[in-house]
1. Can you give the FRET efficiency to the nearest 0.05 for GLU175 and LEU85, using r as the Cβ-Cβ distance and R₀ = 25 Å?
2. Over segment 35-80, consider all pairs of different Cα atoms and compute the Kirkwood hydrodynamic radius from their mean reciprocal separation; express it in Å, one decimal.
3. How much length, in nm to one decimal, is gained on full extension between TYR67 and GLU126, taken as 0.36 nm per residue of separation minus their Cα-Cα distance?
4. Compute the distance in nm between two label points, each set 7 Å from the Cα along the Cα-to-Cβ direction, one at SER189 and one at SER156.
5. Roughly what % antiparallel, to the nearest 5, for the DSSP beta bridges in segment 2-257?
6. ³J(HN,Hα) across segment 135-141 via Karplus (A = 6.51, B = -1.76, C = 1.60, θ = phi - 60°), whole Hz, x for Gly/Pro?
7. Starting from the amide H of GLY94, placed 1.01 Å from N in the peptide plane, find each other amide H under 5 Å away whose residue is 5 or more places distant or on another chain.
8. May I ask you to evaluate 6.51 cos²θ - 1.76 cosθ + 1.60, the Karplus curve with θ = phi - 60°, for each residue of segment 61-76 and list the ³J(HN,Hα) values in order in whole Hz, giving x for glycine and proline?
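Readers should treat all values here as calculations from the given coordinates under stated rules, not as data from a laboratory. Every value quoted in this text rests on a predicted model; they were computed, and no experiment measured them. A quick note on method: Cβ atoms are made from the backbone with ideal geometry, for glycine too, and the neighbour counts reach across all protein chains shown.
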Amino acid sequence: MTRIISFNANGIRSAANKGFFEWLKLQEADVTCIQETKAQEDQLIDPMFRPDGHHSFYKDASTKKGYSGVAILAKREPDEVRTSLGWAPFDDEGRYIEARFGNLSVVSFYIPSGSSGELRQAFKFEVMRWLKPILDEWLSSGRDYVLCGDWNIVRSALDIKNWKSNQKNSGCLPEEREWLNNQCEPTASGWIDAYRHLHPEGQEYTWWSNRGAARANNVGWRIDYQLVTPGLRERLEACSIEREKRFSDHAPFTVDYSE
């Protein structure tokens, strides 16, 4: 079995102080993908950020310190690690890192949020347009891909508590949902949403607003995914969302893959 975890830390130092790395030790994950590290690598000199028995790789934002950032922790040493997709506005915000193990690529992705205003929403749409041919190329490459991360988009009413009232809000806009669902078409050639494949009618969430009692009342959004190439469909064995531990406003999402 291979276990992969995806987690938006909303600040890796903050998550560490809340016990994330102690929890991670008990999970026996083979690969852990982290998003929104919100730190430069020279701020992560404490050994906890490079856990024993792991190969640790970070990609920081170079445009704004303490912003964005992604990481991969892997028990097995990758054959190759990539941190650039060739477009500086995206790459320089520290939103992509890929570890390659033989024919398997595991990606930690952090897709922009548009919730802060029109400029960032426009950038999010630009990222979506630019990313589409890359995702298509990966699908047709013959490699196995696991795309972990915070996509900042829900797919359907099953993925958000307040569906109707969020139709005009970033992350639930019709054009965003259409874009993501078109990647995940229920065809032999589309990306497989691991959670939705394993739980076709599941209504669990991975993010809750810090406002009010959203988490206590489970008023959430499912925006953290593991999207996999069709060749991995039959290997999807089980998944879980760690809602009870509050390391972040997001929950770690774990998927087990059979060998």
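1. 0.70
2. Working: mean 1/r = 0.0896 Å⁻¹.
The answer is 11.2 Å.
3. On the way: separation 59, 0.36 × 59 = 21.24 nm, distance 1.95 nm.
This chain segment gains 19.3 nm when fully extended.
4. 2.2
5. 75
6. The phi angles translate into 4, 5, 5, 4, 4, 9, 6 Hz.
7. SER62
8. Computed from phi, the couplings for segment 61-76 are 6, 9, 7, 8, 5, x, 10, 6, x, 9, 8, 9, 10, 9, 5, 9 Hz.
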